[in-house]
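Encoded as structure tokens, the structure appears first; notes follow it.
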Amino acid sequence: MKIKDIDVKSVMTRSNLPVSDFSVNTYIGCEHACKYCYASFMKRFTNHPEPWGEFVDIKHWPDIKNASKYAGKEAFFGSATDCYQPCEKEYKRTRKLLEELKGSGIRLSIATKSDLVLRDLDLIRTFPKARVSFSINTLDEEFKDEMDAAVSIKRRLAAMKEIYDAGIETTCFISPIFPGITDPIEIIEAAKDRCNLVWLENLNLRGDYRVRILDWIHENHPELDSLYKEIYSTKSRQYWIDLDDRIRAYTAKENMLYLRDDDGHRADFGKPPVVVNYFYHEEVKKSAKKGTKK
């Protein structure tokens with residue numbers, strides 16, 4: 001792992017994401033080395049010859065002197081790299097930023113695959129409407145190990161429970177859903193007593209990891225070759241439409257609110273989580289963003 005320090009003008013980047021005003025990435029590169037990482041395209045802007053997952057740049061930014069200017073805004077920590085990847089234990093750049101923003105009135109949304117986030121509960125709980133999202137796309141630890149170098153699913157679920165029990169909103173982010181491999185309902189069952197929200201997102205194959213994933217499927221699950229060809233070559237939506245129907249029936253039975261492309265709802269603590277479907281965003285159901293299908 002190649003690690004180096006870099007100076008940046010700011011760690012707070014204006015976001016075009018619908019769920020936040022600012023994107024926050026305290027590092028460039030990620031030790032988790034997810035095979036399906038959509039952010040791997042950023043490597044071409046870094047001048048790193050190393051493969052994605054084998055380098056991390058430690059960001060250093062000027063002290064934030066007027067944090068109150070962020071009051072009422074929302075910052076999404078981890079839009080392109082995990083702010084709690086292993087090097088955070090030593091370098092503490094995420095913790096430093098939380099300390100700088102404490103008392104500013106900014107809202108936090110943190111996405112991670114690490115239980116290191118538990119270290120910072122003392123700070124996170126001081127922010128208004130903070131939430132922590134854990135990415136979980138399988139309960140199979142062997143498959144998880146094939147796809148990323150982050151902590152086990154067992155540890156992620158345990159951390160989610162601890163944060164939820166501390167009164168901080170949690171999200172189970174079931175992403176990416178691998179057709180024929182990921183069972184979203186199985187994961188919701190494991191997480192429903194420890195999250196306010198479940199996000200569902202399909203596996204999108206683009207960029208340089210498309211071939212890597214399809215080769216892995218062929219080598220390890222050749223029986224799925226035709227399904228992946230149907231979805232990713234002929235562009236059929238049928239798999240996602242059928243899965244959508246299955247999850248809708250499940251959530252109705254479990255008294256869970258089921259929405260599409262809607263980040264505006266959370267379940268109260270102790271209630272079944274709200275489940276939000278982001279399959280192709282508006283492509284599976286054209287009425288998704290019009291609020292006609294809930």
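Within the stretch 61-79, if we keep just the residues that are touching a residue at least 40 places away in the same chain (Cβ under 8 Å) and under 24 Å from the mean Cα position of the chain (by Cα), the residue that is most open to solvent (accessible area, probe 1.4 Å) turns out to be Lys73.
Residues in the stretch 223-252 that are under 30 Å from Lys129 (Cβ atoms) and not polar (S, T, N, Q) were compared, and the one that is farthest from the chain's Cα centre (by Cα) is Ala252. The set of residues in the stretch 2-23 that are open to solvent by 40 Å² or more (accessible area, probe 1.4 Å), under 14 Å from Leu97 (Cα atoms) and part of a strand (DSSP E or B) contains only Thr13. Tell me, yes or no, whether the stretch 117-124 has at least one residue that is open to solvent by 10 Å² or more (accessible area, probe 1.4 Å) and either under 27 Å from Met1 (Cα atoms) or in the same structural domain as Asp263 (by the TED database) (or both). Within the stretch 117-124, one or more residues are open to solvent by 10 Å² or more (accessible area, probe 1.4 Å) and either under 27 Å from Met1 (Cα atoms) or in the same structural domain as Asp263 (by the TED database) (or both). Just a yes or no: is a residue in the stretch 98-111 at pLDDT 95 or above, within 20 Å of Glu54 (Cα to Cα) and either touching a Pro at 6+ places or on another chain (Cβ under 9 Å) or surrounded by 16 or more Cβ atoms within 10 Å (Cβ to Cβ) (or both)? Within the stretch 98-111, not a single residue is at pLDDT 95 or above, within 20 Å of Glu54 (Cα to Cα) and either touching a Pro at 6+ places or on another chain (Cβ under 9 Å) or surrounded by 16 or more Cβ atoms within 10 Å (Cβ to Cβ) (or both).
The values are calculated or read from the model by the stated rules, or taken from the named source; none is laboratory data. Not measured: the values here are computed from a predicted model. Every residue, glycine among them, receives a Cβ derived from its backbone with ideal geometry; neighbour counts consider all protein chains shown. All accessible areas refer to the heavy atoms of the entire protein, side chains included, with ligands and DNA or RNA removed. Shrake-Rupley method; radii C 1.70, N 1.55, O 1.52, S 1.80 Å.
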